[in-house]
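Only one structure is covered here, and it is reproduced in the block below.
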Amino acid sequence: MEKKIIESRQGEVLVKQSNVKNSKKLFLESYGCQMNFSDSEIVASILNEEGYNTTNELDEADLILLNTCSIREKAEQTIRKRLSQFNTLKKNKPKLTVGVLGCMAERLKTKFLEEEHLVDLVVGPDAYRDLPNLLKDMEEDGRNAINVILSKEETYADINPVRLGGNGVTAFVSITRGCDNMCTFCVVPFTRGRERSRDPYSIIKECRELVENNYKEITLLGQNIDSYLWYGGGPKKDFAKATELQKATAINFAQLLDMVATECPDIRIRFSTSNPQDMHEDVLHMMAKHKNICKYIHLPVQSGNTNVLKRMNRQHTREEYLCLIDKIRQIVPECAISHDMIVGFCGETEEEHKDTLSLMEYAKYDFGYMFAYSERPGTPAHKKMADDVPLEIKKRRLTEIINLQQKLSLNRMKSYLNKIHEVLIEGTSKKNKEEWYGRISQNAVVVFPKTKTTKVGDFVNVKVEDCTSATLIGKIA
């Protein structure tokens with residue numbers, strides 16, 4: 001649940017500029033969180049070297065890949081429907097190869113390949129380098145291919161991702177892979193493996209290249225971004241075994257943030273996702289130190305009750321989380337904070353639910369991602385706990401936290417009124433072609449009238465004059 005799902009990009013077909021030397025066509029469709037979209041760029045880079053250009057036309061594809069997410073049941077249902085459609089396409093095009101990448105590939109490998117015969121190729125998140133070999137083996141032997149081995153080392157640090165789709169203004173840069181936290185409701189540790197960090201100098205190099213290509217904002221990505229720790233390679237859990245020199249020269253997330261902000265002073269920097277147990281004051285001080293680090297933190301809490309947090313195996317209490325909120329407000333007073341929240345987790349009582357509502361009132365979140373709990377097969381909660389909160393109660397509790405968040409969001413948006421904010425123009429407003437949309441440092445969306453002298457990628461000062469609970473409305477100052 002800590003993976004931030006981009007609703008508007010679900011099922012997005014990613015296309016890059018064609019290489020005239022390439023003769024084969026790749027149809028690459030992505031679902032899930034920012035991590036999956038970033039991974040799709042890595043896959044496209046690898047296959048570009050193997051003669052594949054991306055396409056958004058199914059009929060001309062030689063290879064169809066779906067990069068998948070296992071975090072929601074709805075996502076899995078969507079993928080199955082798409083695969084059935086592709087199977088129909090294969091009847092008219094026998095040489096077409098269909099594959100599944102990502103989290104579902106690892107979790108449902110046997111079902112997809114052997115039981116349901118939905119795909120020819122299954123590749124997990126740590127095995128994308130093996131795609132050329134797998135495709136070659138399939139071509140030579142006519143057999144299905146699979147590699148879902150999870151790695152303790154793979155970070156794809158040396159692969160320069162192509163930038164697919166998007167607006168040419170904002171980009172994701174992955175800095176960690178995997179997760180060690182083992183929250184009882186989450187499939188990520190089982191589909192993406194143990195946590196490991198990427199070489200900081202490869203991160204700096206990628207960020208510099210983005211600056212050179214006129215990108216204006218980067219988001220550093222990781223399942224638990226604040227636990228970034230580079231000591232020469234390997235899983236974070238093995239840091240205790242590192243040499244004294246490795247420990248002395250290790251780079252943590254605050255230091256990496258300082259390096260990126262210093263090396264790329266003219267680009268905005270965001271990061272996601274922060275885990276409460278891993279976020280420390282030094283990160284907050286770096287945010288306060290650098291003007292180009294956006295004043296926004298996505299800080300999932302999942303529940304406002306300590307007992308529920310224990311059942312979730314979250315490594316923080318209600319009190320520790322509230323203390324962290326206080327530190328953020330003290331060190332970075334202009335910071336916006338968003339959350340993830342799950343209602344109706346196993347055994348949740350009405351009093352525990354009320355604790356979530358009171359925590360939200362205290363934190364005064366800018367916005368949030370809110371869900372009713374649903375079991376994910378293979379997780380500890382699914383194996384060991386009863387999903388015993390009735391659906392109707394889950395729905396009512398979800399409605400209550402959504403209604404409260406809308407009220408909190410409106411109050412936070414009102415705090416930006418009658419002030420001038422620096423806005424990065426990201427594109428044309430979906431509701432009005434005569435207006436731009438962009439975001440302020442705090443991640444709030446602003447819409448404002450276009451002028452002849454403004455364009456996508458510009459930083460402009462906008463005076464906010466009105467708002468809804470989701471959008472600021474203004475004009476260029």
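The values are calculated or read from the model by the stated rules, or taken from the named source; none is laboratory data. From a predicted model like this one, the values you see are computed outputs, not experimental measurements. Note that each Cβ is placed from the backbone with ideal geometry, even for glycine, and that neighbours are counted across all protein chains shown. Side chains included, ligands, DNA and RNA excluded: accessible areas come from the protein's heavy atoms. Shrake-Rupley method; radii C 1.70, N 1.55, O 1.52, S 1.80 Å.
Here each label is just a point 7 Å from Cα along the line to Cβ, and for Glu57 and Lys407 those points are 5.4 nm apart.
Given a 1.4 Å probe, how much area per residue of the stretch 290-375 is accessible, in Å²? Can you show the working numbers first?
Details: 2990 Å² over 86 residues.
Accessible area per residue: 35 Å².
For the stretch 290-303, 3J(HN,Hα) computed residue by residue from phi via the Karplus equation (6.51, -1.76, 1.60; θ = phi - 60°) reads 9, 5, 7, 8, 4, 8, 8, 9, 8, 10, x, 10, 6, 7 Hz, glycine and proline entered as x. Output the lone cysteines of the chain: those with no second cysteine's C-beta under 4.7 Å from their C-beta. Cysteines of the chain left without a disulfide-compatible partner: Cys33, Cys69, Cys103, Cys179, Cys207, Cys264, Cys294, Cys323, Cys335, Cys346, Cys467. Derived scalar couplings between HN and Hα for the stretch 223-231 equal 4, 9, 4, 6, 8, 3, 7, 9, 10 Hz in order, rounded to whole Hz, by the Karplus curve 6.51 cos²θ - 1.76 cosθ + 1.60 (θ = phi - 60°), x for Gly and Pro.
Entry note, the chain: the mean residue ellipticity at 222 nm calculated from DSSP H runs of n ≥ 4, each adding -39500 (n - 2.57), is -10000 deg cm²/dmol after division by the residues and rounding to the nearest 500.
Measuring only protein heavy atoms, the 1.4 Å probe finds Phe190 accessible over about 80 Å². Residues whose amide H lies under 5 Å from that of Val446, counting only those 5 or more places away or on a different chain, are Gly438, Arg439, Ile440, Leu472; hydrogens are built 1.01 Å from N in the peptide plane.
With a ≥ b ≥ c taken as the square roots of the eigenvalues of the C-alpha gyration tensor of the stretch 161-262, please select rounded if a/c is under 1.5 and otherwise prolate if a/b is larger than b/c or oblate if it is not? Oblate, because a/c is 1.5 or more while a/b does not exceed b/c.
Just the number, please: carbon plus sulfur as a percent of the accessible area of the stretch 268-348, 1.4 Å probe, no ligands or DNA/RNA counted. Before the final figure, lay out each step's value.
Numbers: 1250 of 2540 Å².
The computed percentage sits at 49.
Between Lys430 and Leu89, the modelled labels are 2.4 nm apart [label points 7 Å from Cα along Cα→Cβ].
Tell me, what is the FRET efficiency for Asn22 and Glu139 to the nearest 0.05, using R0 = 25 angstrom and their Cβ-Cβ distance as r?
Efficiency for this residue pair is about 0.95.
I need the shape label for the stretch 101-151. Rule: rounded when a/c is under 1.5, else prolate if a/b > b/c, else oblate, with a, b, c from the alpha carbon gyration tensor.
On the way: a/c = 2.58, a/b = 1.07, b/c = 2.41.
Oblate is the answer for the stretch 101-151, as a/c is 1.5 or above yet b/c matches or exceeds a/b.
Across the options Ile79, Leu135, His117, the greatest Cα extent toward the positive end of the charge dipole of the chain (unit charges at beta carbon of Lys, Arg, Asp, Glu) belongs to Ile79.
Going by average Cβ density within 10 Å per residue, which order do the peptides 435-444, 256-265, 170-179 take, highest to lowest? Please list the in-between numbers first.
Values: 435-444: 21.3, 256-265: 18.6, 170-179: 23.1.
Listed from highest to lowest mean packing, they are 170-179, 435-444, 256-265.
I'd like the FRET efficiency for Asn167 and Ala477, computed as 1/(1 + (r/R0)^6) with the beta carbon distance as r and R0 of 22 Å, rounded to 0.05. Each step should come with its number before you reach the end.
Values: r = 23 Å, r/R0 = 1.05.
The computed FRET efficiency comes out at 0.45.
Can you tell me the length gained on complete extension of the stretch Lys327 to Glu281, counting 0.36 nm per residue apart and subtracting the Cα distance? Walk me through the intermediate numbers first.
Details: separation 46, 0.36 × 46 = 16.56 nm, distance 0.75 nm.
That works out to 15.8 nm of additional length.
Kirkwood hydrodynamic radius, the chain, all distinct C-alpha pairs: what's the number in Å? The answer is 23.5 Å.
Put a dot 7 Å past the Cα of Glu351, heading toward its Cβ, do the same for Lys455, and the two dots end up 6.3 nm apart.
Averaged over residues, the count of other Cβ atoms within 10 Å places the peptides 336-345, 454-463 in the sequence 336-345, 454-463, highest first. For the chain, the relative contact order is 10 percent, taking Cα pairs closer than 8 Å that sit 6 or more residues apart in sequence and dividing their mean separation by the residue count.
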